[in-house]
Every structure is written in C-alpha cells, then in structure tokens.
1. Using a 7 Å offset from the Cα along the Cα-to-Cβ direction at both GLU394 and ARG527, what is the distance between the two label points in nm, to one decimal?
2. Residue separation times 0.36 nm, minus the C-alpha to C-alpha distance between GLU75 and ASP558: what's the value?
3. So for the pair SER226, THR294, with labels modelled 7 Å out along Cα→Cβ, what separation do we get in nm?
4. With r defined as the distance between the Cβ atoms of SER248 and VAL349 and R0 fixed at 30 Å, what FRET efficiency is calculated, to the nearest 0.05?
5. Among LEU523, LEU324, ALA172, whose Cα sits farthest toward the positive end of the charge dipole of the chain (+1 at Cβ of Lys/Arg, -1 at Cβ of Asp/Glu, about the Cα centre)?
6. List the relative contact order of the chain as a percent without decimals, with contacts defined as Cα pairs under 8 Å and 6+ residues apart.
7. Restricting to lysines 8 or more places apart or on different chains, can you count the pairs in the chain with Cα atoms under 20 Å from each other?
8. Per the helix-only calculation at 222 nm, which mean residue ellipticity applies to the chain, given -39500 (n - 2.57) for every DSSP H run of n ≥ 4 and division by its residues, nearest 500 deg cm²/dmol?
Amino acid sequence: MFSFAAMRLRTAARKAARHRDWTAAGDAYRAYLDRQPDDARAWVQYGHVAKETGDLEAAVSAYGRALDAAPQSAETWFHLSHACKRLGDRAAAIDCCARAATLDPAFSGATEELVALGARDRIPVGTPDHGHVPTIGTDARVAPDRPLEPAVYAPSRYDAFRQQVAIVAPPAREAAGGLTTVLIDAAIALPVEVRATLSSLLDQADDRWVAIVQAPAAIRDHSVASLAAIDSRIRFVAVDAPLPDVESAPQVLLVVAGTMLDRQAIAWFSFALARSRCVAAYCDHDRSVDDWRTGRTFLQPTFHPMFDPAWIPDPENGPAVLYLDRKRLPLHRWQRDHGWKILRDASAVGPVAHLPLLLASRTMLPPEAERAPPDPPRSDPVPAPADIAAEDRERFATLPRPRIQIVLQTRDEPDMLRACVDSVRRHAAHPDLLDITIVDNRSVQPATRRLFERLERRKEATVLALDEPFNWARANNLAAETGTAPLLLFLNNDTEILASGWDDLLRQALSTDSVGIVGATLLYPDRTIQHAGIIMGMGGGGPIHEGVGRPIETGPADRWRKPRSAAAVTGAFLAMRRDVFAAVEGFDALRFAIAFNDIDLCLRVRAAGFRVVMASGILAIHHESKTRGMNVTRSQIAWDLDELARLYDRWGDAVFYDPAYNPHWTRTGQPFDGYRLPSMREVLRHIDLSARVAPWGPDLPPDDTIPGGRYR
C-alpha cells in the first residue's frame, strides 16, 4: 500500500537527483524502496543514482530488482547491460543487450550497443539491423563511385555477404600486361579439383592465358586431361617435368588445383602488375562447398594484411594464388604452404602488392574423398623452403644475449609493484641479465619505502626518485638515460608476466634489424584479451586495442597467437633497441605527457623505416590503469581528446591507416566483427600503398576516403 511517507521519500529522492546530490538521492531511494520494494521504476532510478556515485555493483543489483518486478522492460535490460559493461563483464553486457533487442526489435540503442560491444552475431532475427548495420562512405560493390551505402554483415553471415560480392573489371586506363602463364599444382589433387580450376580459367574475362597442369600419371590419364585436346591453351605435364615455357613467361600465376578463380582474377592481377610495378601479388580468398541442389555456400574467409614478413600463416590461411613477374623473380616450386615464403623472397627483390579482393575460392571436399596417388619422388627432389620461424630461431641461437633495462613507473601500490617485479624475474630465462629501474613518482606509503629498500639491497632493482607532476613520457626518457643495456622495455607496474622465457622471446624478436618496436599480448585477469596490438582508423575515434574481451584462440586466421607486424602497440609493454630509441629521440614528453605517447613513438619508429611487431608468445596480465585510474572525469577525457588532436596534427591520415587491417573488415564497432565491401577507391589505394617501398611506413598521400582527404 502506497503511503504518504513513501510518497515524500520518492519526491525527496527525485529532487536530490535533479540537483545532482547523489548521496542524498541514494539515501532517499533506499528508504523509499524499503517501503515499496515492487516499484520497478524506482529501482531503475536508484540504479542510475548508484552509477553516478560509482557504485556499479549496487547499480547492477538495483536493475536486477527492477527486472524481478518488470522482466519485459527492454530499457531496463539495456541499463543493466551498460552497468555490466562498466564493471568489465563484457559477456553479461552482451547477454543483457541482446535481451533488450529481442524484447523491443525497434530499440536501435540496443542494436548499436551490440555493435559497439563487438557482438553483431547477437543482434536478434527480426530486428531491422539483423546481421548487418549500414555504414556510410563506400559503395555497395567493388565498382567506381556508386553512391550506395554498403551493409556490414555479422561474422556468422559470411555466406550472405559473399553472395553479394560481384567484382567488376579493373579500370581500363592502366596498361594491362600480356599473356599470363597459369601453373597449376595438381600433385595430390582429385580430378574434380583440377576440373574446378580449369573451368574457372575458361570463364576468365581476360582470356590471354595458357595453363600448365603439373599432375601425376593418374590425373594425366583421367578424362579431365581430355580438356587439353579441346583447348590448345591447356597442357598436362608430369609433376617433375622441366618447364622451359614457364621460364620465359613474362608473368606467372601459381594456383593449387581446387582453387576457383573469380572471372576477373587474371584481369585484376595483370592490372596490379602494370599499375604498381610489383614483382609479386596476392589476393584474398575463402572456401566453398558445392551442392547440386542448393548451390554454392561460401565460408572461412581469409582477408590478408599487406605483406608482412613477420607473419607466418598456416597452409589453409596462406595465399591461395600468387602472381609473379618472371622478368625479375626466379620461379619457385609452388606448394600451398610455401606462399608466404615466396612472397618474403620476392620482397627482397621489389614491391609485393596485395589485392583486397576475393579473387579465389578453395573447393572443400568430403574428407573421405580418395585422392590420386602421387608420382614416385624424384631422385633430386626440389628442396622445400625452410620454415621462417625455424630460420629465425637458428640465427638467434648463434647470437649473444644482450642485457635488458626494464623501466617501471609507480606511485605507491607496493603489492602490485612487488607482484610485477617478481613475475618479471621468475619467468625470465636469464634474470641475471635484467636491469630493473623503478621510477618513484612521489610515493608516500611506508610499505613502498620498505619494498624499495629490499629490492635495492638484493640488487634486484634500482630506484629513481622523481619529485615532479606525473608525465609518463618524461619519466621513461629520464629512466632510459640512467641505463646502458642494449635493449629497453617500458612496462606498466600493473602487469604480471605469464610467459616462461619471455626475455629470450623478446631478444629474438628484436634481433631482426628491420624490427624497431616489440609489443606483447596483454590479458585481463579472466584471461581474455586486453591488448593484442592497436588498430588504427576504426570509426571516428582514435587508435583502439584489438581483441578486447575475446578469448585468445578466436582471432581471425589465428592472428592473436602468432607473431605479426602491427600499426602500433601499447606502452604498457613496449620494447626496443636502445639505438633505435635514441635515433628517434625517445618519447615526446612535451606534446604527449600522458596519452598517445606510445602511438606517436610507434609512428616515428615506422617513419624511420622500422616495423612494429607483436611478439604474441609473450603473455602478461594487465590490471588496466590501476595506478592512474581510468579516464572517467570530463577533465581526463578532454585531456585525452586534446592529445589525440595533437596526434592527428602531426600525423594526419596515418592516424587512420593500418596496413594490418584489410578493408573488407568493418570500420564500425569492434575490429574483425563484420564484413563490408570496399569501394573502388579503397581497393586502388590499398594496392598502391601495399606496393610502396615501405608499406608499413606512415608517410601517406592524401586520402579522400576519410574526411579531408584528396586521394584519386
């Protein structure tokens, strides 16, 4: 029963909330709800008040009580989702938001939040944005300047997305190449796979090609070989037969039997070779399953980055086809698991171009399909290319192990600092080669002083006192000046190393001369990803971490578990050689005191001709921003936005450019959470940038695919 006293309490609570007196409002709402525990609206309002005071657990509890009374309220589920998100419980936030979208299909806020959370797949069936969200700025297909808005398809709807892809011919203004020799590896193929590849060749828009099928006797005697008697462009030869015609061919397309080419594939490869003067080119691909009743189904796309010498894809995720300029590049024995090795060799000769187009699809056959027996091995078999990682390991084993100076900044937090230092030393292969420098920025707690004394007494660390206002970049620069170790590691004090032998992994990554900075995979305490590299150009915001909240095993093409180049890495774990740090003059402490100093340093290192690499095998827990705290106040947010503006003033379009991020991936929401069709301008720009002398460098021509750009 609603009493006069209860009404006065509710009125007092609302009045206090209007005046932003959150403490008084919370007290009044609690007193009111003691009398009226079934008032769902009041529980929601109390949840809002609890969020304003920072008591997120009380807010979650309040929204839960509101849903006990009114479980069909989509808005309350949405508010609960927001509170869970702020608590760091991404899974619960997604569940609650999906419930809100299910209860109210017209609730656009819930759909937009699911996109922001990286959960397009959870948009319920029947909502206006099910499986895709419109974005602006590109055309709906790969066609010149069509003023249509494309769709962004959820990862689970790849087949629906793929059915919309209709690749048009490349621009005619470039002088296309001449005859293309297609070399098809059918050493372990089925006849149906050979036929699939040849059929796709017969359908090419550019018919200036000849095909040589390298196949065992079982294939050469099969009916599929009769195609050579019908079309003079097709020839079947033994797997080990000499190929004098190929040796003199101006351009060669390497294909594994079972790979179907888009009808514009040869035209686009010839165009890319003429436009970019590259020595090799590769494209994106997927897999397909054919059913004579239901048609073709597409799945498992592989959207490549620009050529990255640090990346070692597995055989199924390596390039499906390679296009080679035979005038400048030796012919390789083509096998599908050697594609990246061939490209790495090609990059030493000249530019390697990436075509961000789905020009190939690999046929998937039942596992019980019986393959033809291969021919007996040659007496002098062609040696397989060495594994890139094995090459690096062997080279590293012969090198001396340099010392590493580790720079840690702290203001008190002795327990956290102790855990960090202990993990660094405990998991190192050579703790005696570590020089730990702790920058003490105005610590006052006696426990912190005792920890410093103990670490210095045991010669486990040295302490550098810095009695100045907090400036993360300046403190790092000052600490680096105190050491002499050849390698530097800037490490947050709220981290704990997990990887055994992390120091040798770091030394190995930095032993390659072309590598300037190395980052690590950082995890939340629940072992989901906090940082797996930094993505540039998502939406209208600044650089963001990729993989946030995801299990480490779920990255596209297993990218979050493999070494690879990145546009930038976080300063929470940032390592480099001292000579490179000195060459770029360290962190810019004047312009980027707190935020974006790590991004700026990565861009300057890339501009100097070095790559930034993720050493994904180095794992650490990151209790994100426990010392400084998260940016929640208006002042903190305004500061970060000002430093982001300074970053853009210095680097311009490079703030939006990421060689690792294929333009087929969505630019809205979270990275890798949806598929889109790039425009013709995006495709051409990507090809041009990929074939630059330094494709990972940040010095770019203007780009009219982003506001203010002028690319043509």
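We did not get these values from a lab; they are worked out from the coordinates using the rules stated. Worth saying up front: this structure is predicted, and the values here are computed from it rather than measured. Heads up, the Cβs are rebuilt from the backbone with ideal geometry, glycines too, and the neighbour counts pull from every protein chain shown.
1. Rounded to a tenth, the inter-label distance reads 3.5 nm.
2. 170.2 nm
3. 3.2 nm
4. 0.95
5. Of LEU523, LEU324, ALA172, it is LEU523.
6. Taking the mean separation of contacting Cα pairs over the length of the chain, I get 12 percent.
7. Step by step, the pairs that qualify in the chain add up to 6.
8. -10500 deg cm²/dmol
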